[in-house]
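A short write-up of the structure that comes next.
The values are calculated or read from the model by the stated rules, or taken from the named source; none is laboratory data. The structure displayed is predicted, hence computed values, not measured ones. Neighbour counts are summed over all protein chains in view; Cβ atoms, including those assigned to glycine, are modelled from backbone coordinates with ideal geometry. These area figures cover heavy atoms from the full protein model, side chains too; ligands, DNA and RNA do not enter into them. Shrake-Rupley method; radii C 1.70, N 1.55, O 1.52, S 1.80 Å.
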Amino acid sequence: MRKRDQWLAAPIGAGLTTALLAVAGCGTDDSGAAGNGEPVVMGMTDKVVSTDPASGYDPGSWLLFNNVFQSLLSFPKGGTIPEPEAAERCGFTDRESKVYRCTLKDGLTFSNGHPLTSKDVKFSFDRIKRIKDKDGPAVMFAALDKVEAPDSKTVVFRLKSPDATFPMKIASGAGSIVDHAEYPADRLRADGKAVGSGVYTLKDYSSQKAVFAVNGSYKGSAKVKNSGMTVKFFHAPGALKTAVEKGDVDVAYRGLAMKDIAALDNASLKQQHGTQVVEGASAEVMHLVFNLKDPVAGKLGVRKAIAYLLDRSTLVRDVYQRTAVPLYSIVPAGITGHSTSFFNTYGDRPKPDKAKDALRGAGYNGKVPLTLWATPERYGPGTVPAFEEIAQQLNASGLFNAKVRTLPTKEYEQGMADGKFGVYVKGWVPDYPDPDNFTAPFFGKDSVVANNYSSPTITRLLPKTADQPNRGATKSQFRELQDIVAEDVPMIPIWQGKQYAVAREGVSGLEWTLDPSTVFRFWEISKPAEA
């Protein structure tokens, strides 16, 4: 991890902060805000579901939010501890982690010239909770009771229950600050426009592309290394690969086929067509989820049998071309509290005899009929091939008669919410790099997987982790939680991803956009001037 030498900040895990976290900029200079260098063109297959921060809760939308809007805090490049962005300082002011106070920087303005004050911050959070859009981030702020703005520079968040991860939540795309004069308080903005105070402005947006211009009035820590970004949206991985090879885009991100990444990564310089493959760490994960009310998947013996038969190593080798790694627990590697509970319980190679015993204990003597549900769009191009590989692995044991069915994303998400599937896929790109974000959304009150699973022990453990400012002190609790999941098997972790971008020769800075914070920083990317 790169040493964070831009700020003098106390980490969130440092314990009680009775006073505010005072953070001073060391040599911070806003002169780079106007941008310099060449404009950059990027391609991706992700869609931007919404340009309004009260709705978008997907990778494409958050890519836009992180570059157009400011949050009070932000994740520094290469780091996972939030640092001040629109705020001058922030911190908990009580022992219970229930009162969080921020002081804004002087002279903040939105790109339209309106001043950014505490009124806008309060409005932004109140608006998310009031609208409570089903595709939005309101679920992240379930513990937020109210927001106060006692003066133009001070914001006070009062929480209903302790939440030591609150600084990470407001540092994410969910913490985007909008202009109260530009956005309706009780409904989503519907014109496809976005007005923020971030590094860029959204100059133009359509289903084909989004054009971002450097925001000359931005006041923050980012130094802009280009003079603008254009993001082109592609509908097929092959078209994206061709575009970067032909030079139609400078960078290809999210959506390249695994085989194309592997081929380019292993090719000679000549065969790479003047491209480079940049790899970064990722906490993106994929799970196999079970509906516990399903007549088949609801039986523990069936779920355990699948856990004994799953061969992750073969799957990531043959389907993902080693662009992902096997995952053996709910909390991925690189995140506090990670363990290998499924490896410890079920091993890393198929065990047909143990799977057979589990099924016999569940009352099955013949092949178990099983449908695996997936969507070809939402979680990447490898999703359906991965599920077909899993079905093949189950059928090869002679214990299952598994098949794969697919639906478009909208119908798939509705079917999952309605409990129509017994076994289905759920991919997850974290909102913030903390074990809470890999557990509370799945096993808390409003589970994002809607699989009818609950554990009294997990219900007791999660609040205990939430009131611990020292996140390292939560390791034993999260490891206990992961052991419970491995025993109850409400879901099975499959893989943890890596982040990749393919860029034209000479493009630089991508290594600072690919890290576990999941913040894709446009401003770090630069390319040489055309000859």
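Quick notes on this structure:
- Helix 59-68 and the long axis of the chain differ in direction by around 10°, with both axes built from C-alpha atoms.
- Degrees, to the nearest 10: 237-246 long Cα axis against longest axis of the chain: 50 degrees
- With the highest mean first, a sort of the peptides 420-426, 441-447 on other beta-carbon atoms found within 10 angstrom per residue produces 420-426, 441-447.
- Local net charge near Asn437, Cβ-Cβ under 13 Å (Lys/Arg +1, Asp/Glu -1): -3
- Inter-label distance, nm, simple model (7 Å from Cα along the C-beta direction), Ser227/Ala473: 5.3 nm
- Using every pair of distinct Cα positions in the range 199-256, the Kirkwood expression returns a hydrodynamic radius of 12.8 angstrom.
- On Cα atoms only, tilt of 383-396 relative to the major axis of the chain in degrees: 20 degrees
- Neighbourhood net charge (10 Å Cβ-Cβ; Lys/Arg +1, Asp/Glu -1) for Thr314: 0
- The mean of 1/r over all distinct Cα pairs in the range 131-207, once inverted, gives the Kirkwood hydrodynamic radius of 14.7 Å.
- Peptides 396-409, 155-168 ordered by average Cβ neighbours within 10 Å, highest first: 155-168, 396-409
- Ordering of 126-136, 286-296 by packing [mean C-beta count within 10 Å, highest first]: 286-296, 126-136
- For the range 378-425, Kirkwood radius (reciprocal of mean inverse C-alpha pair distance, Å): 11.8 Å
- Translational diffusion coefficient of the range 229-333 (Stokes-Einstein, Kirkwood radius from Cα pairs, 37 °C, 0.692 mPa s): 197 µm²/s.
- Overall form of the range 68-182 per C-alpha gyration tensor (a/c, 1.5; a/b vs b/c): rounded
- Computed [θ] at 222 nm, deg cm²/dmol, the chain (DSSP H ≥ 4; -39,500 (n - 2.57); rounded to nearest 500): -7500 deg cm²/dmol
- Accessible area per residue for the chain is 40 Å², calculated with a 1.4 Å probe on protein heavy atoms, without ligands, DNA or RNA.
- Counting only Cα atoms, the range 311-426 measures 37, 34, 26 Å along its principal axes, largest extent leading.
- For the listed residue pairs Lys193/Lys464; Lys105/Lys160; Lys47/Lys475, the alpha carbons are over 30 angstrom apart in Lys193/Lys464; Lys47/Lys475.
- Extension gain, Arg460 to Lys403: 0.36 nm times the residue separation minus the Cα-Cα distance gives 16.8 nm.
- Note on the chain: the alpha carbon radius of gyration divided by the globular reference 2.2 N^0.38 Å gives 0.97.
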